[in-house]
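**Q** Sharing a structure with you now.
The values are calculated or read from the model by the stated rules, or taken from the named source; none is laboratory data. All values reported here derive from a predicted model rather than from experimental measurement. Every residue, glycine as well, gets a Cβ built from its backbone with ideal geometry; the counts of neighbours run over all protein chains shown.
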Amino acid sequence: MRLALILFAILPLTTISASGGEQVKVAASPLVSFAPSNVRIQVRIVPSDENRGLEVVAESGEFYRSSLVQLEGATAPAAMQFEFHDLPGGEYHVYGILTDSAGGQRAVAYQKLKVLTSGAGS
C-alpha cells in the first residue's frame, strides 16, 4: 500500500522526453475522464533547425480541436504544454505533428484517451 502511494505521488512528476529516433512525443492527461473534460497535453521535441511548426490535435468521431504554433528552429522550446477545455464524450486520438519550413511532416506522435459521458459504464 505504501509503495502504491509513493508511486502515485511520483508519477505526475515524471517527464516525457523525445530522443533517439523520436523527434516529437506527446503525453495527454488524464487518459480517462468524464465529460466535459479538460485535457492537458505535454509535447517534447528534439531541437532542430528544421523545426518550424507544431500542431497538436485532439479528435474523436464527432469532435475536433487543434492548436498550431510556429517554431523558431533549434531555439524553440523543447517542451510545451497545451490544454483543451470542455471536451465532450468520446474516444480521442491526440497527435503532435512537427513540420518543416515547407509545411511537410517531420514527425508525428500519437496517444489515445477516453472521455466518458455522464452515466457511461465503460
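**Q** Of everything in the range 84-104 that's small (Gly, Ala, Ser) and on the phi < 0 side of the Ramachandran plot, which residue is surrounded by the fewest Cβ atoms within 10 Å (Cβ to Cβ)?
**A** Here is the first cut: in the range 84-104, the ones small (Gly, Ala, Ser) are 89-90, 96, 101-104.
From what's left, on the phi < 0 side of the Ramachandran plot: 89, 96, 101-102, 104.
Numbers: Gly89: 19, Gly96: 27, Ser101: 12, Ala102: 7, Gly104: 10.
Of everything passing the filter in the range 84-104, Ala102 is surrounded by the fewest Cβ atoms within 10 Å (Cβ to Cβ).
**Q** Further, regarding this structure: Take the residues in the range 105-122 that are more than 18 Å from the chain's Cα centre (by Cα) and surrounded by 10 or more Cβ atoms within 10 Å (Cβ to Cβ); name whichever of them is modelled with the lowest pLDDT.
**A** Here is the first cut: in the range 105-122, the residues more than 18 Å from the chain's Cα centre (by Cα) are 116-122.
Next, only the ones that are surrounded by 10 or more Cβ atoms within 10 Å (Cβ to Cβ) stay: 116-117, 120.
Values: Leu116: 97, Thr117: 92, Ala120: 46.
For the range 105-122, the residue satisfying everything is Ala120.
**Q** Which ones in the range 31-50 are in contact with a Ser or Thr (Cβ under 8 Å, 6 or more places away or on another chain), in a loop (DSSP other than H, G, I, E, B) and either among the aliphatic types (A, V, I, L, M) or in contact (Cβ under 8 Å) with a residue 40 or more places away in the chain (or both)?
**A** Ala35, Val46, Glu50
**Q** Can you tell me which residue in the range 69-83 is surrounded by the most Cβ atoms within 10 Å (Cβ to Cβ), limited to those that are closer than 16 Å to Ile97 by Cβ and among the aliphatic types (A, V, I, L, M)?
**A** Leu71
**Q** Answer yes or no: is there a residue in the range 59-67 that is closer than 22 Å to Gly104 by Cβ, modelled with pLDDT of 95 or more and touching a Lys or Arg at 6+ places or on another chain (Cβ under 9 Å).
**A** yes
**Q** In the range 73-122, which residues are without any contact (Cβ under 8 Å) to a residue 60 or more places away in the chain and of a type in the set (Val, Ile, Thr)?
**A** Correct list: Thr75, Thr99.
**Q** Considering only the range 64-72, I want to know if a residue exists there that is part of a strand (DSSP E or B), in contact (Cβ under 8 Å) with a residue 24 or more places away in the chain and within 12 Å of the chain's Cα centre (by Cα). Please lay out each step first, then the result.
**A** Start the filter on the range 64-72 by keeping residues that are part of a strand (DSSP E or B), which leaves 64-70.
Restricting the remaining residues to those that are in contact (Cβ under 8 Å) with a residue 24 or more places away in the chain gives none.
Checked against the condition, which is being part of a strand (DSSP E or B), in contact (Cβ under 8 Å) with a residue 24 or more places away in the chain and within 12 Å of the chain's Cα centre (by Cα), the range 64-72 yields no hits at all.
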